[in-house]
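Everything below concerns the one structure shown next.
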Amino acid sequence: MRIRPRIRTASPADLDAIAELEALCFPPAEAADRDAIAARLAAYPDHVWLAVEDDPDDPDGPERPVAGVNGMCTDLPDLADEMFSRAGLHEPDGSWQMILSVMTAPDRRGEGLAAALVKHVVQEARASGRRGAVLTAKPELVGFYARLGFRDEGVSQGSTHGGAVWHQMRLTLLTL
């Protein structure tokens, strides 16, 4: 029986592990490269969350990230492609939590780690008084995010990231 991983925010020391996880989870045209991840960690370290566990062969060694979620905050209501490459667009007091990456190590899929992390991000957004969270999903993942409370707004008008078709999905926490 595996012990449930802990959720924590990332640190610069996690850069290589996050880059490796991103490369495992997304095709090259969609994956954030090491420089983009470093920029995200520098611009919004409190918005890069990891599910981590101890290495069973080296319990005193570094933790292994097995899943992760990251994204910036902004007052813009819709996710746009430039958010993937321009971490400086992050607005610390922004109304919306954008979710740019949801990643789970291939050998850990199906354990509910991505769902637990997304729920954690939504709780953080709620605690911070944000209006809600926005992400884009490929058509085959729309149902997964809908089960977490996100509403499908249809094919994204602001994102064709990596040349893919994305559906914009929104979970509204506060209405103004």
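The values are calculated or read from the model by the stated rules, or taken from the named source; none is laboratory data. Here the structure is a predicted model, which is why all the values come from computation and not from measurement. Here Cβ is always computed from backbone atoms with ideal geometry, including for glycine, and neighbour counts include all displayed protein chains. Surface areas here come from the heavy atoms of the whole protein model, side chains and all, with no ligands, DNA or RNA. Shrake-Rupley method; radii C 1.70, N 1.55, O 1.52, S 1.80 Å.
Rank 78, 46, 35 by mean-square fluctuation in a GNM of the chain with C-alpha springs under 10 angstrom and give only the top-ranked residue.
Among 78, 46, 35, the largest GNM mean-square fluctuation belongs to 35.
For 53, 140, 153, give the ranking by accessible area with the largest first, probe 1.4 Å.
Most to least solvent-accessible, the answer reads 140, 153, 53.
Given a 1.4 Å probe and every protein chain left where it sits, what share in percent of the accessible area of the range 8-111 is carbon and sulfur?
Carbon plus sulfur share of accessible area: 52 percent.
How long are the semi-axes of the equivalent ellipsoid of the range 1-53, defined as square roots of 5 times the Cα gyration tensor eigenvalues? Whole Å, largest first.
20, 15, 8
What spacing in nm lies between the two simple spin-label points modelled at residue 151 and residue 91, each 7 Å away from Cα in the Cβ direction?
2.1
Given 10 Å bins starting at zero, what is the percent of C-alpha pairs of the range 111-161 in each, up to the one with the largest pair distance?
That works out to 22, 51, 26, 0, in percent per bin.
Based on the Kirkwood radius over alpha-carbon pairs, what value in µm²/s does the Stokes-Einstein equation return for the translational diffusion coefficient of the chain at 37 °C and 0.692 mPa s?
201
Report the residue, chosen from 50, 117, 24, that carries the largest GNM mean-square fluctuation when the chain is represented by alpha-carbon nodes joined by springs under 10 Å.
The residue with the greatest mean-square fluctuation here is 24.
Give me the Kirkwood hydrodynamic radius of the range 84-145, using the inverse of the mean 1/r over all pairs of distinct Cα atoms, in Å to one decimal.
Numbers: mean 1/r = 0.0764 Å⁻¹.
Evaluated over the range 84-145, this radius sits at 13.1 Å.
Do the sum for the chain: with -39,500 (n - 2.57) for every DSSP H run of n ≥ 4, divided by all residues, what is the mean residue ellipticity at 222 nm, to the nearest 500 deg cm²/dmol?
So the helix-based figure for the chain works out to -7500 deg cm²/dmol.
Residues of the chain: accessible area per residue at 1.4 Å, in Å²? Numbers along the way, then the final one.
Numbers: 8900 Å² over 176 residues.
Accessible surface, normalised per residue, equals 51 Å².
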